[in-house]
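Engineer: Got a structure for you, questions after.
The values are calculated or read from the model by the stated rules, or taken from the named source; none is laboratory data. This one's a predicted model, so the numbers in the text were calculated from it and none came from an experiment. Heads up, the Cβs are rebuilt from the backbone with ideal geometry, glycines too, and the neighbour counts pull from every protein chain shown.
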Amino acid sequence: MQPTVAIVILNYNGQQYLRQFLPAVLASSYANKRVIVADNASTDHSLQVLQAQFPTVEVLVNTQNDGFAGGYNWALQQVKSDYYVLLNSDVEVTPDWIEPIISLMENDKQIAACQPKLLAYNNKHSFEYAGASGGWIDALGYPLSRGRVFDVLEADNGQYETTEPIFWASGAAMFVRSHVYHQLGGLDAFFFAHQEEIDLCWRMQLAGYRIMVCPKSVVYHVGAGTLPRGGRKVFLNFRNNLLMLAKNLPIKEKLYKMPLRFLLDAVSAWKGLLHGDSYFFIAIVKAHFAVCFLLLKGYTKHQLPKKQLCSLEGVYKGSIVWQHFVKQKTKFTEIVG
């Protein structure tokens with residue numbers, strides 16, 4: 001019998017995306033699935049749209065917006081299934097997107113999370129920012145993907161078709177073994193949104209599990225569909241990335257990597273200010289103050305055994321800041337090889 005798969009779509013004011021993308025999710029060829037929309041206290045007509053147009057979809061209604069991390073933790077406490085799929089509301093799926101990943105994970109019980117290949121909905125021959133063909137990280141904690149380095153996206157020419165270990169799976173379409181999710185306490189709700197899936201995948205690796213990408217499965221992501229670009233987004237990205245390093249790095253690495261990251265972030269902030277992006281500068285300054293305050297308060301969230309970052313899978317042992325901004329390399333293969 002097929003394992004049970006619960007596709008859980010966290011929705012916040014996404015009524016247009018529900019109308020547009022839910023039909024394809026419901027039409028997925030995998031038989032033993034449930035489709036659940038967890039509504040994060042939407043103020044639009046999402047619930048009415050679900051009731052009128054998608055009566056077969058299960059609906060969970062939160063009384064407050066707990067963000068991506070808290071919203072999923074709240075929802076998944078109520079869902080029993082062998083596997084969860086954390087699926088953004090702005091993702092178009094293909095008919096057989098589930099089968100290759102479930103087959104892969106069933107054949108290797110050490111795989112805790114897996115992602116499909118993410119292409120851009122508005123340019124279907126290009127990789128999409130939020131994961132592309134599998135997430136990596138560099139030695140200083142900067143994320144990159146097979147097909148995306150900082151803001152530079154590659155065209156999909158079949159160069160990243162191998163199924164292989166990665167560091168993090170995209171939260172836009174993330175398959176997770178349910179018992180591992182709960183064993184590790186789920187996403188860090190304090191993160192609210194941004195990089196919480198990277199933190200979870202890091203903890204999964206520390207606990208002895210593997211993260212994979214399966215490009216035989218393909219989905220198309222609109223991107224930036226739920227939290228608009230601006231100061232809040234920048235703040236969360238910089239704050240959460242530093243908190244993730246503080247949580248998961250061994251003490252010896254933390255002592256020199258954290259100050260170096262603060263310095264590099266400061267350079268980025270001043271560069272933004274000189275280009276007229278005052279909101280960018282202010283957001284990074286606020287993120288740094290927030291991190292310092294939290295660290296002084298003793299912010300820690302787990303007691304997993306620490307391992308050197310570069311001993312984990314999907315880690316580039318150098319600096320992508322150096323490779324990209326100094327050596328002008330724009331492709332994943334040019335940097336990682």
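Engineer: One residue is enough: does the stretch 239-252 have a residue meeting the conditions surrounded by 13 or more Cβ atoms within 10 Å (Cβ to Cβ) and more than 24 Å from L184 (Cα to Cα)?
Structural biologist: No, the stretch 239-252 contains no residue that is surrounded by 13 or more Cβ atoms within 10 Å (Cβ to Cβ) and more than 24 Å from L184 (Cα to Cα).
Engineer: Also, I was wondering about something else. Considering only residues that are assigned to a helix (DSSP H, G or I) and either closer than 19 Å to G67 by Cβ or free of Cβ contacts under 8 Å to residues at least 12 places away in the same chain (or both), which ones fall in the stretch 183-201?
Structural biologist: Start the filter on the stretch 183-201 by keeping residues that are assigned to a helix (DSSP H, G or I), which leaves 183, 189-191, 196-201.
Once the filter is applied, which keeps residues that are assigned to a helix (DSSP H, G or I) and either closer than 19 Å to G67 by Cβ or free of Cβ contacts under 8 Å to residues at least 12 places away in the same chain (or both), the stretch 183-201 yields A189, F190, F191, E196, E197, I198, D199, L200, C201.
Engineer: Do the conditions hold for K247, that is, is it in the same structural domain as V326 (by TED's automatic domain parsing), free of Cβ contacts under 8 Å to residues at least 12 places away in the same chain and not in a strand (DSSP E or B)?
Structural biologist: Details: in the same structural domain as V326 (by TED's automatic domain parsing): yes; free of Cβ contacts under 8 Å to residues at least 12 places away in the same chain: no; not in a strand (DSSP E or B): yes.
No; evaluated as a whole, the condition is false for this residue.
Engineer: Then there's this: Just the residues that are in contact with a helix residue (DSSP H, G or I) (Cβ under 8 Å, 6 or more places away or on another chain) and of a type in the set (G, A, S), please, taken from the stretch 158-176.
Structural biologist: A169, S170, G171
Engineer: If the requirement is being in contact with a strand residue (DSSP E or B) (Cβ under 9 Å, 6 or more places away or on another chain), over 28 Å from R210 (Cβ atoms), at pLDDT 95 or above and among the basic types (K, R), which of these qualifies: K109, K124? Give the steps one after another, and end with the answer.
Structural biologist: Details: K109 fails: over 28 Å from R210 (Cβ atoms).
The unique qualifying residue is K124.
Engineer: A further question follows. For the condition under 22 Å from the mean Cα position of the chain (by Cα) and either surrounded by fewer than 16 Cβ atoms within 10 Å (Cβ to Cβ) or closer than 18 Å to V85 by Cβ (or both), what is the one hit in N32, N40? First the steps, then the outcome.
Structural biologist: Values: N32 fails: under 22 Å from the mean Cα position of the chain (by Cα).
Result: N40 is the single residue among N32, N40 that is under 22 Å from the mean Cα position of the chain (by Cα) and either surrounded by fewer than 16 Cβ atoms within 10 Å (Cβ to Cβ) or closer than 18 Å to V85 by Cβ (or both).
Engineer: Go through (1) out of contact with any Gly (no Cβ under 7 Å at 6 or more places or on another chain); (2) surrounded by fewer than 17 Cβ atoms within 10 Å (Cβ to Cβ); (3) without any contact (Cβ under 8 Å) to a residue 60 or more places away in the chain; (4) not basic (K, R) for I282 and report which single condition fails.
Structural biologist: (1)
Engineer: What are the residues in the stretch 120-135 that are in a strand (DSSP E or B) and either of a type in the set (K, R) or crowded, with 24+ Cβ neighbours inside 10 Å (or both), if any? Lay out the reasoning, then the answer.
Structural biologist: To start, the set of residues in the stretch 120-135 that are in a strand (DSSP E or B) comprises 120, 123-127, 135.
K124, F127, G135, listed by residue number.
Engineer: Return a yes/no flag: does the stretch 61-77 have any residue that is in the same structural domain as Q183 (by TED's automatic domain parsing), modelled with pLDDT of 95 or more, polar (S, T, N, Q) and part of a strand (DSSP E or B).
Structural biologist: No: the stretch 61-77 contains no residue that is in the same structural domain as Q183 (by TED's automatic domain parsing), modelled with pLDDT of 95 or more, polar (S, T, N, Q) and part of a strand (DSSP E or B).
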